[in-house]
Every structure is written in C-alpha cells, then in structure tokens.
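Each remark here refers to the structure printed beneath this line.
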Amino acid sequence: MGPRELGLPMRVAAPEPGELPTAVTIWEVGPRDGLQNEAEVVPLDVKLEFLHRLADAGLGVLEATSFVRPEWVPQLADAAELLAELHRVPGVRYPVLVPNPRGLDRALEAGVRDIAIFASATETFAQRNLNRSLDEQFTMFEPVVRRAVGEGLAVRGYVSMCFGDPWEGAVPVEQVVSVGRRLLAMGCEQLSLGDTIGVATPGHVESLLRAFVAAGVGVDRLAVHFHDTYGQALANTHAALRLGVSTVDSSAGGLGGCPYAESATGNLATEDLVWMLDGLGVKHGVDLGKLVATSAWMAQRLGRPSPSRVVQALAS
Ligand code: HMG
Ligand code: MG
C-alpha cells in the first residue's frame, strides 16, 4: 500500500535543485520525542547520562524534556528534577516543550531559556494531543508566546501532521501554511514542520516548502521533523536541504514517536543524518563515533536494538 492508497497527496514539484547548505544545525529530539514514547519510564540517571553524552558528542541543541501535564506524558513527569540535576554545557541549547501558561511557569522555575510550543495542522490531532480545537490551541499558546518573548526566551513553533493525519488522511498544504503563519505571527522565531506519522515523500516535502516560501516565509525560518515510519525520512530530509532548509530534527538511535498519534514510529536517526551529511560534505559538528556509542549504550538500557541502520552497521 502506498501513499496514494492511504489517501495521501503525491504532489511532485518541478525539480529546481539549489545549493545545499554548507552547514546544518541538528536539533536533537531523542531525550524528548524519543523518551516520551517509551512504555517504561526511563530512570532519571539514564536520562541525565543520555543528555551529557549527546552534548559530549557535539550536538548543540538538545530538546531535553516537556513541561506538559504529567498525567498526559508520565514518561517526562520528572522534567523539573531533570533540569535541576542537568549539567548544562556552555554554548549548548536545551529547549523544552511547553503547551500552556502552567507549563511556562514550570519551565521558567527550572531556568529554561528556550521553549517550543506544539500546534496541530489538523482538528483531530489538536483534540487528541492538546484537548483543544484547532482554533482553541492558538488561544492557549498566545499568552505563552507573548510572555516568553517578553522575557527574552527563544520560541520555536512545531506544526504536527503536516503531511498526513491518521484520522483525517490527507492534509491540505494551505491548511499547514495557515497554521504555521499564525504561529510566526504570534512571535515564534522558527517553525518545525512535523511529519508525525512518517507518511511524507520528497515531492510532497518540496510542495509544502515551496508553499511556505510563496506565502512569504523564508526557508531560514523553517526546520523539518521527520518520523521514519515508511523509511522516507532521509530522502525527505535531502529534499528539504536542496531547498535550503538548514535545521533538521532527528533523534539519536532513531528513538521516538508520539503517544497521541496512532502509527507514529521513531524519528529520523541522528546517526543516519550525520552519515548522509558527511557524504554530502555538509558540516554538522557531531562526532559520529561518540554518538553511535551513546545510542548503543541507550539501546542496552532500553533492552532492544536501535532501528538506525548506521548504528547497526557501526556499533558492532
Ligand atoms: P487538559 O487536560 O485540558 O488540562 O490538558 P487543563 O488545561 O484542563 O488543566 C487541568 C489541570 O492540569 C489543572 O490542574 C492544571 O493546572 C493542570 P487543576 O487546576 O485542575 O489542579 N495542568 C498542568 N500541570 C502541569 N503542567 C502543565 C499543565 N497544564 C495543565 N503544563 C494539556 C491540556 C495541553 C496540558 C494536555 O493536553 C497536554 O499536556 N498535552 C501534551 C501532549 C504531549 O505532550 N504530546 C506529545 C508531544 S507533541 C509531539 O510529540 C509532536 C512533535 O514531536 C512534532 C511531530 O512529530 O509532529 C512535537
Ligand atoms: Mg515528533
């Protein structure tokens, strides 16, 4: 069964390959997107060592945890304790997810300087992930962004279900652009376009990025966030790089998923991304050996092998 049978659009834009960026910022989401989806809560000391090892491997942005309602994501209920014990490496950013004013209060108490709000491009996922309608999510985020920007925090805006939704099927590009533009107008400095259930293909990625550019949003304000359910995450990333995107989300060892999205599997593995960037001559600042060792160590803690092909090839 392919994207067409799933009712998903297969737009193929005319190829106009641009220069690849000379350097890419890897936005490492393993400690948050990865660990939020584990059946068992990962012990605090393992989370801390994971974060310390990722910083030591050269990753400059580590999405550390979430200040969401603990009943909704018990896996990350220890966010305050985690940040209290975390040894922050100078120069490394440690963003956290914040959905609402209560989450922002908790994040500020923990000394956070970098947050991400997370919106849905679809009505159903807004209800399931945020307990809000599509419109109500903006009402919830607005005071968060206003206060965070006022206090000098960096604010990223995620848009989930950009390429397909398990309940609604195809998601119109215009709907995604509309949600993204509302987040930017609110004060977000960057959008991360999420393929929450991993159904995107490269032509669709091109179409969405071109639609943002046509709506006046430069690629310098866009990041991509691919889950690898159908094995397309790396190809999709390459398509985004060719259009000038230079911030890519990935998770060490390919951990990840979303407890509120059926069929969401792991994110693009950071090791697979690094391998491709090395081959393309694009700078990223990561020590692949240290990263693979970290993911192999984490796979042992979690009791199952990493799905990353590069980890599998290099860890032995
Ligand atoms: P709600 O149940 O509607 O909460 O949840 P509420 O606003 O009605 O508040 C009820 C009670 O919860 C109140 O307590 C609040 O204080 C408390 P009471 O007054 O009754 O004693 N509460 C909180 N406590 C601690 N921290 C908070 C908080 N908020 C409320 N932040 C809410 C609404 C948005 C909070 C909930 O739906 C939620 O936490 N959702 C988060 C779900 C989530 O984390 N999903 C995974 C992340 S998204 C993702 O993975 C996708 C992404 O990777 C991109 C992609 O792949 O596409 C980012
Ligand atoms: Mg995700």
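A few notes on this one:
- Prolate/oblate/rounded call for the stretch 232-316, Cα gyration tensor, a/c under 1.5 rounded: oblate
- Calculated SAXS-style log₁₀ I(q)/I(0) at q = 0.14 Å⁻¹ - the stretch 153-265, Debye, Cα scatterers: -0.50
- Of all accessible heavy-atom area on the stretch 25-314, the percent that carbon and sulfur account for (1.4 Å): 50
- Where 225, 284, 52, 87 fall by accessible area, highest first, once all protein chains stay in place (1.4 Å): 87, 52, 284, 225
- Note on residue 283: accessible area is roughly 140 Å² with a 1.4 Å probe, heavy atoms of protein only.
- Percent of beta bridges antiparallel (DSSP, the stretch 25-314, rounded to nearest 5): 5
- Segment residue 81-residue 235, length gained on full extension (0.36 nm per residue, minus Cα span): 51.7 nm
- Springs join every pair of Cα atoms under 10 Å in this Gaussian network model of the chain, and among 302, 191, 54 the largest mean-square fluctuation is at 302.
- Pairs of Cα atoms farther than 23 Å apart, the chain, %: 53
The values are calculated or read from the model by the stated rules, or taken from the named source; none is laboratory data. Note that this is a predicted model, so its numbers are computed, not measured. Keep in mind that these areas ignore ligands, DNA and RNA; they rest on the heavy atoms of the full protein, side chains included. Shrake-Rupley method; radii C 1.70, N 1.55, O 1.52, S 1.80 Å.
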